[in-house]
Amino acid sequence: RQFISLQDQANHRLAEQMLDASHDELTVELVGRDQHAVTPHPFRAFLCLGVEHIATGYDHLLFLLGLLLVGGSLRAALKIITSFTLAHSITLALATLNIISIPPKVIEPLIAASIVFVGVQNILSPDAGKRWLLTFGFGLIHGCGFASRLRGLGIGANGSSIVVPLLSFNLGVELGQLAIAALVLPLIWKCRSSPVFVQRLAPIGSCLIVVAGSYWLVERTLF
């Protein structure tokens, strides 16, 4: 995918569009066109991109699953999801606006490390009470990872608009998270009513999370 913004000599935006394999052309009629007019911004495209990014971002999904695996009340789960959203929204905006700039070779191993940490904490201290604080801290790191996706599309380059892509992409990520949590949480709550799940299956799941996070950590650090 590539985001394209067409401007005139006075830097007035004439058109903006998300291009991909199935829509790889942008056509603009310039004759008799108001220079200040601009085509509708592809809000929907960035919204869908945000949903797709969280749905196919297996490291982000595993981090979220690790946070929710210990169960807890609906209020505790909402606090976890909200703190993660607030945190990644902050760094997503700052990184996309180039106020902060942390290279992916630093961010990606840190994201993997956050997965390992959550898995280990699930085993050693499976308490969801204060987990929203941990989530906020790691959410700041994950937000920088989201930002690299937007920058890769060319958002903000050459004066292109950044507000709508930022908001719609972030909204898509949030909708994806809520949809996944709505599917996973009832299953977790139901399973945790069984002592076998709490004493054996949940720790085994946390160990698998640690293994996956460790693999990504080594891969992203050495390769």
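The values are calculated or read from the model by the stated rules, or taken from the named source; none is laboratory data. Worth saying up front: this structure is predicted, and the values here are computed from it rather than measured. Counting neighbours? That spans all protein chains shown, and the Cβs are built from the backbone with ideal geometry, glycine included. We work out accessible area using only protein heavy atoms, side chains counted, and drop any ligands, DNA or RNA first. Shrake-Rupley method; radii C 1.70, N 1.55, O 1.52, S 1.80 Å.
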(request) Could you pull out the residue among ARG220, ARG149 that is touching a residue at least 12 places away in the same chain (Cβ under 8 Å), touching an Asp or Glu at 6+ places or on another chain (Cβ under 6 Å) and under 16 Å from HIS60 (Cα atoms)? (result) ARG220
(message) Given the condition at pLDDT below 85 and open to solvent by 80 Å² or more (accessible area, probe 1.4 Å), answer yes or no: does some residue in the stretch 93-105 qualify?
(response) yes
(message) Cβ-Cβ under 8 Å, sequence separation 6+ or interchain: first residue in the stretch 22-42 and open to solvent by less than 90 Å² (accessible area, probe 1.4 Å), partner assigned to a loop (DSSP other than H, G, I, E, B) and modelled with pLDDT under 55. Which pairs?
(response) VAL28/THR39
(request) State all residues of the stretch 106-132 that are over 18 Å from the mean Cα position of the chain (by Cα), open to solvent by 70 Å² or more (accessible area, probe 1.4 Å) and more than 24 Å from THR221 (Cα to Cα); if no residue qualifies, say none. (result) ILE123, LEU124, PRO126, ASP127, LYS130
(request) Return yes or no: is GLY66 open to solvent by less than 70 Å² (accessible area, probe 1.4 Å), out of contact with any strand residue (DSSP E or B) (no Cβ under 8 Å at 6 or more places or on another chain) and at pLDDT below 85? (result) no
